[in-house]
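Step one of this worksheet: look at the structure below.
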Amino acid sequence: MIQARGYAAHSTDTPLVPFSFTRREPGDDDVLIDILYSGICHSDLHQARGDWGNSVYPMVPGHEIVGRVTQVGKNVSKFKTGDYAGVGCMVDSCLHCKACRLNLEQYCEEGATLTYNDKERGSDQLTFGGYSDRIVVKEHFAVKVSDKLDLKAVAPLLCAGITTYSPLRHWKVGPGQKVGVIGLGGLGHMGVKFAHAMGAHVVMITTSADKGRDAKRLGADDVLVSRDADAMAAHAGTFDFLLNTVPVSHDVNPYLALLGLNGTMALVGALTPLDPIPGANLIMGRKSIAGSAIGGMEETQEMMDFCAEHGIVSDVEMVPIQSVNEAYERLIKNDVKYRFVIDMASLAAEQPLAA
């Protein structure tokens, strides 16, 4: 077994603290990665605090991982020692169901194995995430990261990036389309960057006019304040696609009114019930409301290559691992533009507790 250390949550109401644990020895199909940077996702906070009712402790969060490959198994062909690699929200799947055969491992019919707060496939061993110094993962579930990119700002691409890239690609966003991105946060700011790079006319849809300047810096062509009834009416029926990043229950009907004929709104944030939707709001205009979850491994690699080609990374604020609990409190207040990333070099200063 390989000794590892990181930060872990031990209950719903205690802070993350230093933690020592073990990872499996790399197998023939595995890579060992020394973690350089780990993004902080809002779902890390929800899982650590048991908000979704499925938390298992001890828990080492983190599924936005960038690091350097230090060991490869004999069957590994995609990586060599010294390469930069990324690991996202999943580390395994059945690889034989219809979804997996379509390179959509996130929809694995047997359930994808999550990077943390899960059990390794066929084992009772918990999976531990990226708030740690190293990780062992199957080659298939790691992506190559270009050294052209700012590595610390690459980390959130493994969740926030692919969560927004995948629906934009699936619904074939491109030149000649008017695309709205609803909500300017960790997901929304990536949606704006991607839609702009894909050549669409991008409108940032927000409740706050104050976010307009930043939206345009990120690539938005226009800003629509959703609380302005006259402005919403002026844009009614003109959008080809809406990327809805709002993370909580809300009324989607005003946004459906923005869609034109055959328009689609894809949800990537809200996991809880939405306000009622009258069928007429979909029937009139043959509109669609859909959902999308991260992306498969092939698409995640495609996104990484797209980012390298277009120079796209997340806007990040760096924090040491010792400040992770403070970062969580700020995350609750949406006090970050737009993603926290942990510099895992700070872990070297720790004297970890016993596992």
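The values are calculated or read from the model by the stated rules, or taken from the named source; none is laboratory data. Given the structure is predicted, the values throughout are model-derived calculations rather than measurements. As a convention, Cβ positions derive from the backbone with ideal geometry for all residues, glycine included, and neighbour counts pool all protein chains shown. Calculation scope for accessible area: heavy atoms of the full protein, side chains included, ligands and nucleic acids excluded. Shrake-Rupley method; radii C 1.70, N 1.55, O 1.52, S 1.80 Å.
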| said: Which condition from (1) open to solvent by less than 30 Å² (accessible area, probe 1.4 Å); (2) in a helix (DSSP H, G or I); (3) touching a residue at least 24 places away in the same chain (Cβ under 8 Å); (4) not aromatic (F, W, Y) is the one that A220 breaks? | reply: (2)
| task | Give region 58-109 a look and list any residue that's out of contact with any Cys (no Cβ under 8 Å at 6 or more places or on another chain), among the acidic types (D, E) and part of a loop (DSSP other than H, G, I, E, B), or say none. | result | D83
| Does any residue of region 156-172 turn out to be open to solvent by 70 Å² or more (accessible area, probe 1.4 Å), over 17 Å from the mean Cα position of the chain (by Cα) and farther than 23 Å from A48 by Cα? | yes
| message | If A308 satisfies all but one of (1) assigned to a helix (DSSP H, G or I); (2) modelled with pLDDT of 95 or more; (3) of a type outside the set (D, E, K, R); (4) exposed (fewer than 14 other Cβ atoms within 10 Å of the Cβ), what's the number of the condition it fails? | response | (4)
| note | Residue count, region 297-330, condition more than 15 Å from the chain's Cα centre (by Cα), under 18 Å from G62 (Cα atoms) and of a type in the set (A, V, I, L, M, F, W, C), comes to 5
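Condition check: in a loop (DSSP other than H, G, I, E, B) and within 22 Å of Y165 (Cβ to Cβ). Does L149 satisfy that? Step through it out loud before you land on a result.
On the way: in a loop (DSSP other than H, G, I, E, B): yes; within 22 Å of Y165 (Cβ to Cβ): yes.
Here the answer is yes, as L149 does meet what is asked.
Give region 122-135 a look and list any residue that's part of a loop (DSSP other than H, G, I, E, B) and either within 17 Å of V31 (Cα to Cα) or in contact with a Gly (Cβ under 6 Å, 6 or more places away or on another chain) (or both), or say none.
First, pick out the residues of region 122-135 that are part of a loop (DSSP other than H, G, I, E, B): 122-125, 127-131, 133.
Selection gives T127, F128, G129, G130, Y131, D133.
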| What is the number of the single condition among (1) open to solvent by 20 Å² or more (accessible area, probe 1.4 Å); (2) at pLDDT 95 or above; (3) under 30 Å from R68 (Cα atoms) that K337 does not meet? | (2)
| request: Report yes if S346 is free of Cβ contacts under 8 Å to residues at least 40 places away in the same chain, more than 20 Å from the chain's Cα centre (by Cα) and open to solvent by less than 30 Å² (accessible area, probe 1.4 Å), otherwise no. | output: yes
| Does any residue in region 322-341 that is in a strand (DSSP E or B) come within less than 9 Å, Cβ to Cβ, of a residue that is of a type in the set (D, E, K, R) six or more places away or on a different chain, and which pairs are these? | R339/E64; R339/D315; R339/E317; F340/E317; F340/R330; V341/E64; V341/K152; V341/E317
| Selection from region 73-98 of residues that are without any contact (Cβ under 8 Å) to a residue 60 or more places away in the chain and surrounded by fewer than 18 Cβ atoms within 10 Å (Cβ to Cβ) | K74, K80, T81, G82, C94, L95, H96, C97, K98
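Here is a yes/no grid of residues against (1) assigned by the TED database to the domain that holds I205; (2) at pLDDT 95 or above; (3) not aliphatic (A, V, I, L, M):
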site: D221; (1), (2), (3): yes, yes, yes
site: L224; (1), (2), (3): yes, yes, no
site: G237; (1), (2), (3): yes, yes, yes
site: L243; (1), (2), (3): yes, yes, no
site: Y255; (1), (2), (3): yes, yes, yes
site: N262; (1), (2), (3): yes, yes, yes
site: V268; (1), (2), (3): yes, yes, no
site: L271; (1), (2), (3): yes, no, no
site: L274; (1), (2), (3): yes, no, no
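Considering A142, A155, A160, A112, which residue is farther than 27 Å from F21 by Cα and of a type in the set (A, V, I, L, M, F, W, C)?
On the way: A142 fails: farther than 27 Å from F21 by Cα; A155 fails: farther than 27 Å from F21 by Cα; A112 fails: farther than 27 Å from F21 by Cα.
Checking each option against the conditions leaves just A160.
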| query | Since M303 meets every condition but one in (1) aliphatic (A, V, I, L, M); (2) touching a strand residue (DSSP E or B) at 6+ places or on another chain (Cβ under 9 Å); (3) over 20 Å from W171 (Cβ atoms); (4) not assigned by the TED database to the domain that holds V60, which condition does it not meet? | reply | (3)
| Can you list the strands (runs of 3 or more DSSP E) found entirely within region 228-298 that contain at least 1 residues being closer than 15 Å to G183 by Cα and not basic (K, R)? | 239-244, 259-267
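Return yes or no: is G237 open to solvent by less than 60 Å² (accessible area, probe 1.4 Å) and on the phi > 0 side of the Ramachandran plot?
Values: open to solvent by less than 60 Å² (accessible area, probe 1.4 Å): yes; on the phi > 0 side of the Ramachandran plot: yes.
Yes: the conditions hold for G237.
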